[in-house]
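The structure under discussion appears below in the form of structure tokens.
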Amino acid sequence: MNIRLGDCSKGNASCIECMILFKPVLLGYPFILLAIYIIPFLIFYTMYRIFVKCTYLCGVILKINSYMSNRTFTMIKPDAVRAGNIGNILQMINAGGFRIVAMKYTRLTLDQAGKFYEVHKERTFYGELTEFMSSGPIVAAILEKDNAVADFRTLIGATNPAQAAEGTIRKKYAASIGENAVHGSDSDDNAKIEADFFFNGLERF
Ligand code: ATP
Ligand code: MG
């Protein structure tokens, strides 16, 4: 039998084009259909689904990031609680434009204070700090505002009240560098870690 190149379109068994393209399809070879149509479709569809999922996950991650950057964590420390300054400090926090998302009146054990301030473990004042922070009740709170972490650090003032700007919480209510009335998170990441240390999801509004 002579095999000739593409001189018909009717499924001629002696025509190469018919043998490669038309005949298998016309005769319904399922594996050819699978290779030509179904597998590419499945690959395309899977890639499309992966793309949709990735887009959704990126959206969720961006939303969580922007949500966290609007929050900070604070404690009214034992010295300020003992001095009866909870109300005054909360008033300054409200006047500073912060919304209270969560709040708790509690007392840290020595171990918990040690864990919370673990980053300062090697510092000479670590023992003094953890004893002080566990010496009486504190008020822990999550605060919300645009640019919350930086704005709250501005509101509380320098660590040492002697160097704190006029009108700041530490200038008004702190007695010393060790007993300095309030804590404020120093980054978005630490704000999240510290908020999670005190509050579960059901305690935030
Ligand atoms: P905080 O983390 O409580 O908001 P801060 O970020 O201003 O304070 P840090 O350097 O993180 O300051 O120190 C943590 C805490 O350790 C201070 O708030 C203070 O209570 C205590 N502290 C810091 N430096 C000294 C020091 N030189 N002597 C005694 N205590 C100190
Ligand atoms: Mg700090």
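No value in this document is a laboratory result; all are computed from the given coordinates. On a predicted model such as this, the values are computed, not experimentally measured, just so you know. Here the Cβ positions follow ideal geometry from the backbone for every residue, glycine too, while neighbour counts run over all protein chains shown.
Tabulated results
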{"read-out": "Segment 146-205 - percent relative contact order, Cα under 8 Å, separation 6 or more", "value": "28 percent"}
{"read-out": "Residue-wise HN-Hα coupling along segment 105-111, computed from phi with Karplus coefficients 6.51, -1.76, 1.60 (Hz; x: Gly, Pro)", "value": "9, 8, 9, 7, 7, 4, 4"}
{"read-out": "Residue exposure sequence - 57, 202, 110, 143 - by fewest surrounding Cβ within 10 Å", "value": "202, 57, 110, 143"}
{"read-out": "Amide H within-cut-off set for residue 182, under 5 Å, with H built and near neighbours excluded", "value": "77"}
{"read-out": "Cβ crowding within 10 Å averaged over residues, with 135-142, 99-106 ranked highest first", "value": "135-142, 99-106"}
{"read-out": "Prolate/oblate/rounded label for segment 70-203 (Cα gyration tensor, a/c 1.5)", "value": "rounded"}
{"read-out": "Backbone HN-Hα couplings from phi across segment 157-171 [Karplus 6.51/-1.76/1.60, Hz, Gly and Pro as x]", "value": "x, 5, 3, 8, x, 5, 9, 6, 5, 4, x, 7, 4, 5, 4"}
{"read-out": "Whole-Hz ³J(HN,Hα) from phi, Karplus 6.51 cos²θ - 1.76 cosθ + 1.60, for segment 120-135, glycine and proline x", "value": "9, 3, 8, 6, 5, 8, 4, x, 4, 5, 6, 5, 4, 5, 9, 7"}
